[in-house]
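Enquirer: Please find one structure pasted underneath; my questions will follow.
Each reported figure results from applying straightforward, stated rules to the coordinates on display, with no laboratory input. These figures come from a predicted structure and were not determined experimentally. Counting neighbours? That spans all protein chains shown, and the Cβs are built from the backbone with ideal geometry, glycine included.
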Number of protein chains: 2
Amino acid sequence: MVVARRPGSYECGIDAAMDVIGGKWKVLILWALDERARRFGELRRLLPGVTEKVLASHLRELEADGIVHREVFDEVPPRVEYSLTPLGASLNGALEPLGAWGREHVLGAEVRAPRR
Amino acid sequence: MVVARRPGSYECGIDAAMDVIGGKWKVLILWALDERARRFGELRRLLPGVTEKVLASHLRELEADGIVHREVFDEVPPRVEYSLTPLGASLNGALEPLGAWGREHVLGAEVRAPRR
DNA sequence: CGGCATCCCCAAGGATACTG
DNA sequence: CAGTATCCTTGGGGATGCCG
């Protein structure tokens, strides 16, 4: 996103959080990882439209922020798994009310969607 | 903002909400309006760094999304007040856990170990 | 006071190709 | 499979000026 990446201080906790989840696909990544760990290609398939470059950079940012854990398995073919850290899980929990709000007030308004 | 402005459907409620609050200053606007109604110039002073153009466009988007109410008082000098609609208030409530998360895990971490 | 109208910039994000 | 490496596009947002 934008806001103000690491300017040293924020007005309130919400911008700080918005900074962490501000990427275009980040909340979707968190959502996809909520259930279980996922491989890179798996995530790519779960997020139709994301490019490899953007997915990789988002994952690296989330890793730097301590939200996701990246584990490399030394195998052939290579395998890398991404999972939520405890911090990431807590973020997802904090996101839940917002998701419920969106489902109820935005999605509900335009469609009676059977989400995920 | 980013994500996908009104593409007709979202993956989950969170993107839908992210779409609404995706502007650089929107959550700060919501925060400022949470306490009471505010005038345009008042908001400008509360958000150091925002330009008139951006503040006005954000307010209009929030108004279009049914989040804020704009009331014009036909006086001289002109007076315009912005306030949260019930929907806006509920959004603010849904944002609260996220704000708490940010305060606890981002702001707190920065204070203890300032980076950059 | 509370705005639009303009012009402009730049970083987030997309497309494509290549590699360990 | 899981990424880099490059190049390019886009539009959100900043700066400035004018107006009812």
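Enquirer: Considering amide H positions built from the backbone, and no H for Pro or chain starts, which residues 5 or more places from B:VAL68, or on another chain, come under 5 Å of its amide H?
Expert: B:GLU63, B:THR85
Enquirer: Considering amide H positions built from the backbone, and no H for Pro or chain starts, which residues 5 or more places from A:ARG39, or on another chain, come under 5 Å of its amide H?
Expert: Under 5 Å from the amide H of A:ARG39: A:TYR82.
Enquirer: A follow-up question, please. Apply the Karplus curve 6.51 cos²θ - 1.76 cosθ + 1.60, θ = phi - 60°, to the phi angles in region B:63-69 and return the couplings in whole Hz, x for Gly and Pro.
Expert: Using θ = phi - 60°, the values come out as 5, 4, 7, x, 8, 10, 10 Hz.
Enquirer: I'd like the Karplus ³J(HN,Hα) series for region B:99-108: coefficients 6.51, -1.76, 1.60, θ = phi - 60°, whole numbers in Hz, and an x wherever there's a Gly or Pro.
Expert: Working through the residues one at a time gives x, 5, 4, x, 4, 6, 9, 9, 4, x Hz.
Enquirer: Leaving out same-chain residues fewer than 8 places away, which lysines sit with a Cα under 16 Å from that of A:LYS53?
Expert: The qualifying lysines are A:LYS24, A:LYS26.
Enquirer: For B:ALA89, which inter-copy label distances result when the label point lies 7 Å beyond Cα on the Cα-to-Cβ vector, reported in nm to one decimal and in ascending order?
Expert: 3.6
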